[in-house]
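These notes are about the structure you will find just below.
The values are calculated or read from the model by the stated rules, or taken from the named source; none is laboratory data. The shown structure was predicted, so the numbers you read here are calculated from the model rather than taken from an experiment. Neighbour counts run over all protein chains shown; Cβ positions are idealised from the backbone, glycine included. These accessible areas exclude ligands, DNA and RNA; they are computed on the full protein's heavy atoms, side chains included. Shrake-Rupley method; radii C 1.70, N 1.55, O 1.52, S 1.80 Å.
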Amino acid sequence: MLMSAPRVIFINRFYWPDEPATAQLLTDLAEALVARGWQVEIITSMPRKPAIPHREQRRGVWIHRLSNPAAKPASLWGRALLFAGFLTKACWFCLCHLPRGDIVITMTDPPLLGLWLWPVAKIKRARQLHWAQDIYPEVAISVIDSWMLRGLLKALIPLRNASWRHSTGCVTLGRDMASVMARAGLDPRRLHIIPNWAPAGIEPALSTVRDDLRRFWGLSDSFVVVYSGNMGRVHELDALLPLSRALRRHPGIVLLLVGEGSSKAALQESVRMEGLENVRFLPPQPREMLSSMLSAADIHLVTLRANCASSVFPSKFYGIAAVARPMMFVGPKDCELAQIIEQRGMGASFGAMETDGMAKYIIGLSNDPGSCQRQSAAAHAFSLSEGRIEHASALWDRLLRSLP
């Protein structure tokens, strides 16, 4: 049972030992806040792994795991039922055990978690912060095809906006996402931007480790362009096939796609049908290989659909910078991420239709190691100055101590 002293309580469907991005971010932040003197507790789902207790303390963080499994069913209705189960159990757990006056921080997995926990926080007189990793339901509205479902989700926006306005505050990742919250009428004094960070422990891999991994992949003599992470519908993946066609006359350049997602099967089929031998696929790599996998690229791709630019900030950006790799952004050139990459000299940005420009940029880098090194150094400098957990945890600590 939660103890009675004021503390910080995070609610999210994933936490250690799960490995989705929100689990890694929350684990890093919770442990960093404990190191800064905070009492931190987590309400999360039960991983599908053996011998995991419902309640335990790890590195100073108390973890309360609900019986609802954290798996991700394939069907939309399966996910909806899973989300509903977690929301119901999380609300009931908080009603029964949440002490009055604590700080409750709701993330966005499942979507709109903060909306459903808002009445509970009010009943328990808790100070609630919405930590928006994505802006829902706008993300879903931008990618689903059903007009009926889009209509139902749009009907939730006024309620979501009210939960934002009447909470203690909202935290989001950048200016573009913050602009959505500002338009919802949120008091600017309660709107906070705290960027994400590279997963703890991510550093440039030793050259021998990098070379061994490229040799294992059969890419020792190639210039490797990597897209890693979710191949989902918010990412501008339609640009990858035209890009691979434009590069096929340069056999030394390989496009390596690492991960899973709803768009992967269609991409694989198109690559097979067109005989694009310069495109390779790999499954998601284990967390312990993240540094070496990211370091093995000569350049990384980061993509985002134009209609998702104000609702999503691709956090893979921070891991890429941490291993000192250049990056090419494909998406709206006026979005915040594109501007950061170009202004800091970490790479280049292109619109989704600028295939020739993308190909020319990659070919140029493959023939100019000095340019690669300069962009790599700029990326690493950004990471060291503002892309680590210590930077974010300092901002979180300052925010939490300032709450009324």
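At-a-glance table
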| item | result |
| --- | --- |
| Lysine-lysine proximity count for the chain, Cα under 22 Å, sequence distance 8 or more or distinct chains | 10 |
| The chain: projected area of the alpha-carbon convex hull, averaged over directions, in nm² | 19.5 nm² |
| Prolate/oblate/rounded call for segment 186-290, Cα gyration tensor, a/c under 1.5 rounded | oblate |
| Those residues of segment 121-147 whose amide nitrogen sits under 15 Å from the label point placed on ARG100, 7 Å along Cα→Cβ | 121-127 |
| Alpha-carbon centroids, segment 310-360 and segment 376-404: separation in whole Å | 20 Å |
| Of all accessible heavy-atom area on the chain, the percent that carbon and sulfur account for (1.4 Å) | 58 percent |
| Pairwise FRET efficiency - ALA266 versus ALA80, Cβ, R0 = 30 Å, nearest 0.05 | 0.80 |
| The chain - share of DSSP beta bridges that are antiparallel (%, nearest 5) | 10 percent |
| Efficiency of FRET from Cβ geometry, MET273 and ARG59, R₀ 51 Å, rounded to 0.05 | 0.55 |
| Counting all C-alpha pairs of segment 256-404, share separated by more than 26 Å (%) | 32 percent |
| Neighbourhood charge, 12 Å Cβ-Cβ cut-off, centred on GLY101 and excluding it, Lys, Arg +1 and Asp, Glu -1 | +4 |
| Prolate/oblate/rounded label for segment 303-361 (Cα gyration tensor, a/c 1.5) | oblate |
| Residue-normalised accessible area of segment 78-130, given per residue in Å² at a 1.4 Å probe | 40 Å² |
| Neighbour count of at most 16 Cβ within 10 Å plus DSSP loop: longest GluC sites (Glu not before Pro)-free window in the chain | 1-259 |
| Extension gain, TRP92 back to ILE157 (0.36 nm per residue minus Cα-Cα distance, nm) | 21.0 nm |
